[in-house]
1. Distance check, please: which entries in LYS244/LYS409; LYS6/LYS409; LYS110/LYS277 exceed 26 angstrom between their Cα atoms?
2. Which GluC sites (Glu not before Pro) in the range 29-102 pass both tests, a DSSP loop state and at most 12 other beta-carbon atoms within 10 Å?
3. Restricted to Cα positions, what overall size does the range 32-107 have along the principal axes? Three whole-Å values, descending.
4. Near the amide H of MET60, under 5 Å away, which other amide H atoms are found, from residues 5 or more places off or on another chain, if H is placed in the peptide plane?
5. Considering the convex hull of the alpha carbon atoms of the range 199-349, report its projected area averaged over all viewing directions, in nm², one decimal.
6. Radius of gyration and Dmax for the range 21-154's Cα atoms, expressed in Å?
7. What distance in nm separates the simple spin-label points at THR184 and THR347, each placed 7 Å from Cα in the Cβ direction?
8. Given the options MET93, MET248, MET158, state which has the largest fluctuation in a GNM of the chain using a 10 Å cut-off (strictly under) for Cα springs.
Amino acid sequence: MAILIKGGRVIDPAQNLDARRDLLLEGDKIVALEADITAPAGARVIPAEGKIVTPGLIDMHVHLREPGYEQKETIATGTRAAAAGGFTAVACMANTNPVADSASVITFIKEKARQEGVVRVYPVGALSKGLEGKEIAEIGELAAAGAVAISDDGHPVMNALVMRHALEYAKMFNLPVISHCEDTDLANEGLMHEGILSTILGLRGIPAAAEEVMVARDLILAEITGGRLHLAHVSTAGSVRLLKEARMRGVKVTAEVTPHHLCLTDELVQSYDTSTKVNPPLRPADHVAAVVAALAAGEIDAIASDHAPHADEDKDVEYDYAPFGMVGLETAVPLVVTELILPGKLTWLQAIRAWTVNPAWILNVPGGNLAPGGVADVTIIDPELEKEVNVNEFYSLGHNSPLHGRKLKGWPVATIVGGRIVMEQGKVIED
Ligand code: DOR
C-alpha cells in the first residue's frame with residue numbers, strides 16, 4: 001500500500017533539508033519527496049501539518065537481553081519499545097547468554113528478530129570470547145553472520161593487546177569496534193560519579209578519569225592500527241577533549257552520547273533511586289554541558305540510548321547491589337526535545353543527524369535518509385505533544401527509568417518500517 005505523508009516539516013540532515021514537504025512511500029521504498037504530491041489512488045494519507053517528519057531513527061546501542069535474560073527484555077518486547085519510541089532500527093549488544101561471540105548466536109538474534117521483532121535489528125558481535133577480554137572472538141565469522149560491529153560493551157577490555165588485535169582484525173572486515181571505555185581498577189567498584197555528591201551521599205565514586213584513561217588508550221590504539229574506533233556512551237569533558245584532539249589529527253574515531261548523559265545530572269542520585277545507577281555514571285553539570293556542546297559541534301556523532309532494561313526484582317535492592325543500567329528507548333526522543341531542542345541548546349537538524357545519517361554511516365546499514373529509492377523507514381514526531389512518563393505503560397519489560405512521572409514534550413506519533421506502520425499515537429500496531 002502507498003503511504004503519503006502530507007505537509008510535514010521534513011528534517012533530513014543527509015540532504016541538509018528542513019522544509020515543508022510531502023513524502024510518498026510505495027511498498028518498502030521511498031518514491032518521492034516533493035513540495036506537493038497528489039495521493040495515488042488507494043494511498044493512505046497521513047496528515048502531518050505541524051509535525052516533524054524524519055528518516056527512521058536508528059538507536060545504535062541497546063540491550064535486548066535475548067538470548068538468556070528474557071526476564072529483563074526480549075527481542076519482541078525490546079523492538080516494540082523501540083517502535084513506541086520512534087526507532088525503526090536498533091543495534092543490540094553482545095552481553096547476552098550465551099554471549100554473541102559466535103555465528104550461531106548472531107543468526108539466532110537475526111532470525112528471532114525477523115519472526116518476532118517489529119523494527120530492524122542489527123546484532124553487535126562480541127569483541128572477545130565470552131566477553132572475558134582475553135582472546136578475541138572469531139571476528140570474520142561474526143561479520144559473515146551479519147554482525148555490524150564488535151564490542152564487549154558492559155565489560156571493559158582491560159588488556160590493551162586484546163584491544164589492539166580487535167582493532168586490527170575488525171579493520172579487515174570494515175567493522176567498527178565499539179569501546180566501553182572504563183578502567184575497572186580506577187572505577188574501583190564505584191557506584192556513582194566521584195565528586196562532592198558521592199562524598200555527601202556516602203556512595204563509592206567512579207572518577208571521570210576511569211573513562212578518560214581508556215578513551216586515551218583506545219585513541220592511541222586506533223591511531224597505530226588504523227582501525228575504526230567508536231566510543232560508546234561518552235560522558236566526560238576530558239573524553240570530549242581527547243576525542244576532539246584525536247579527530248583533528250585524523251584518527252578514525254566516532255562517538256555516541258546517551259540522552260541521560262546529555263540531559264540528567266548526578267543530583268538525581270540523591271534519591272537513592274536505583275534506576276539512576278548507570279555505567280558510565282550520571283555526571284555533574286559541567287560534564288553534561290561539555291557533551292552537549294560536543295554533540296552540537298558534530299564532534300560527537302550519534303545519540304544512542306544504551307537502553308539497559310533490568311527486571312524489577314533486580315533493581316529493587318539497595319543501591320550497592322543494583323545492576324547498572326536504565327531503560328531509554330521509550331523516552332529518548334521527548335527527553336532530548338524537552339531538555340535540549342526546545343530550550344535552544346541543540347537544533348532539530350543536529351539531533352536528527354545524530355539519530356539517522358550518522359549511525360547509518362557508522363554501522364553501514366540501510367536508511368538514515370529520505371532520498372527516493374531508499375528504504376521506507378520514517379519517524380513522525382509531534383513537537384507539541386506533552387505527556388507524563390509512566391513506566392508502567394512501557395512496552396519494555398524494564399521499568400528502570402528515573403523519568404517516571406516527568407512531563408515531557410515532543411513524542412513520536414508514528415513509526416514506519418519498510419513501508420509498514422508499526423506504531424501510531426504511541427501504540428504498537430500488531431498484525
Ligand atoms: O549501565 C549500563 N548497563 N552500562 C553498560 O555498559 C551495560 C549495561 C547493561 O548491560 O546493563
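Each reported figure results from applying straightforward, stated rules to the coordinates on display, with no laboratory input. Quick caveat: nothing in here was measured; it's all calculated off a predicted structure. So basically every Cβ, Gly included, is an ideal-geometry build from the backbone, and we count neighbours across all protein chains shown.
1. Details: LYS244/LYS409 32 Å; LYS6/LYS409 22 Å; LYS110/LYS277 30 Å.
In this structure, LYS244/LYS409; LYS110/LYS277 lie more than 26 Å apart at Cα.
2. Details: sites: GLU34, GLU49, GLU70, GLU73; in loops: GLU49, GLU70, GLU73.
In loop regions of the range 29-102 (DSSP not H, G, I, E or B), the sparsely surrounded GluC sites (Glu not before Pro) are GLU49.
3. 51, 23, 22
4. Long-range HN contacts for MET60: ALA91, SER305.
5. On the way: hull surface 38.1 nm².
Orientation-averaged projected area of the Cα hull: 9.5 nm².
6. Considering the range 21-154 through its Cα atoms, Rg and Dmax are 18.3, 60 Å.
7. 4.4
8. Largest GNM mean-square fluctuation: MET248.
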